[in-house]
1. Which lysines does LYS257 reach when only Cα atoms under 16 Å apart count, and residues fewer than 8 places away in its own chain are ignored?
2. May I ask for the distance between the Cα centers of the range 364-417 and the range 262-312, given as a whole number of Å?
3. Roughly what angle does helix 90-109 make with the longest principal axis of the chain, taking Cα atoms, 0 to 90 degrees, to the nearest 10?
4. In the range 165-201, which residues have a backbone nitrogen under 18 Å from the label point lying 7 Å from ASN110's Cα in the Cα-to-Cβ direction?
5. Fewest Cβ neighbours within 10 Å first, please rank TRP93, TRP241 accordingly.
6. Please list, ordered by chain and number, the residues whose modelled amide H lies under 5 Å from the amide H of VAL15; skip anything fewer than 5 residues away on the same chain.
7. Determine the calculated [θ] at 222 nm for the chain from helices alone, applying -39500 (n - 2.57) to every DSSP H run no shorter than 4 residues and normalising by the residue count; nearest 500 deg cm²/dmol.
8. Please grab the % of Cα pairs in the range 2-58 that end up more than 15 Å from each other.
Amino acid sequence: MENIIKRITEKGFLVSSNLKINEKDLDDFLKYLLSLENKPFIVSNDTYNDFLKSKQKEYVIIKKHEKRPEIPTKVKLRKIYNHTNKKIDINDWVAYYYDRFNKISNILKNRDELRSATTISRVKKINGRQQVALIGMIKDIRKTFTGTTIFELEDPTGFLKVIVKGDEAVKKVDELVLDEVIGVIGTKSKDVVYADKIIFPDIPERPIKKAKEEVYAAFISDTHVGSNMFLAKEFSHFIKWLKGEIGTPQQREIAKKVRYLFVIGDLVDGIGVYPNQEKELSIHDIYRQYEEFSKYFVDIPEDINIIVIPGNHDALRLAEPQHVLFQDIAEPVYKINNVIMASNPAVINIHNIDDFPGFDVLLYHGMSFDNLVSNVPFLRKYGYERADLIMEFLLKKRHLAPSHGSTLINPMAQDFLVIDKPVDIFASGHIHYTKLGRYKNVLTIGTGCFQEKTPFQEKLGHNPTPGRVPIVNLKSFQARIMKFR
Ligand SMILES: [Fe+2]
Ligand SMILES: [Fe+2]
């Protein structure tokens, strides 16, 4: 009790001699006291009872699961990476970049201004000044001391120097990244092109779809089970809410209609992911970490489709695309009711019922986000708190990791990270900061996490938002954030 009195008095309150409180409630009680508009002069048992009543309002505990309505569901795996154990050589990289160039240049050729785009070798043969349209991959961007941006453009026929000149093109220089495929409209003169316009492949405006019935999808990621900063209480609150055991009547009504749960990587903290990680682990065995994760899902309603993809903390190679979680290591996860395993990235179609086409959901854990936030001037100014802008940026580039160095890549004949088809929802994790957005009617979802701020994040000055879960009502196509902390 001494410690309790000390903690309360430290916040500037006097404590009544009759005060008896449960130590488990202390943190929440302090938050409650500080949030009160009319703060008590003396904290007494009455104050504590008021706090307990306010808590009850928030979480009504019910004894039995209420009956869940029957809602039809469907999950289709649209784009999944199947693991191949092939040895990689230089030809794989060549094929990989050819594929990226071809896929994105085909998207760009659909743009009116680029229909007549020509190859770099042809542009080089032009004598005198001439207006040109071309498509290429960016190499070696640099700024001159006068502030002019110059980059090298490459296509399968050669290289060409581009000097950014026109106002419209200059506006986009802060968004340019190495290795992305873009369109350029400009004037060829001597052996350079002066760019008036830079064109990103981008996505077309997406028609808004709405499901016939009220049904919800929830998005979580980054539970980091096994870390000593995993927020067990908050995570079990979320699971209890899903089971319909806690929440206001309105919140429990929503829980009854959740039929899709996306888990977007970093289920566990892993082992040896970064130097000295062992000091920050509460579970030192990878099998036990997955076992612990799965325990939370005991008795989860069987009608919820749980779609799981891996992240960089999960037990498999880091290079992307990442295949599904290994069955032997993550066996307890495979045993959760209705689990569907997918790769990172993946495209999943949900709720394709009768004549309704369903929603295409692009899932990507988000490993390239770190690199983008530190290297792209346009994104750097917002830091980790604008997942919506990072996702918008990637939709414009039609690629999940446009620069070679932005994530570790496993090169294949196909560049799996190209966003080849537009989607309805794009959801990512990794940066532990919840943010919703919309870009051309695509709903962008940055999930949160269930891990307390780590010393590493503290060093970066990053403030994560643990315990928050984005929920999408598929009937209205509106998203909201539920807080479990
Ligand atoms: Fe994470
Ligand atoms: Fe991550």
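1. Answer for LYS257, where 16 Å is the Cα cut-off: LYS67, LYS74, LYS210, LYS212, LYS240, LYS243, LYS475, listed by chain and number.
2. 24
3. 90
4. Counting backbone N atoms under 18 Å from the label point, the list is 181-184, 199-201.
5. TRP93, TRP241
6. Close amide H contacts, sequence-distant or interchain: VAL43.
7. So the helix-based figure for the chain works out to -7500 deg cm²/dmol.
8. The calculated P(r) of the range 2-58 puts 40 percent of pairs beyond 15 Å.
Read the figures in this text as sums done on the coordinates, not as results from a lab. Treat the numbers as computed from the prediction; the structure is a model and nothing was measured. Here Cβ is always computed from backbone atoms with ideal geometry, including for glycine, and neighbour counts include all displayed protein chains.
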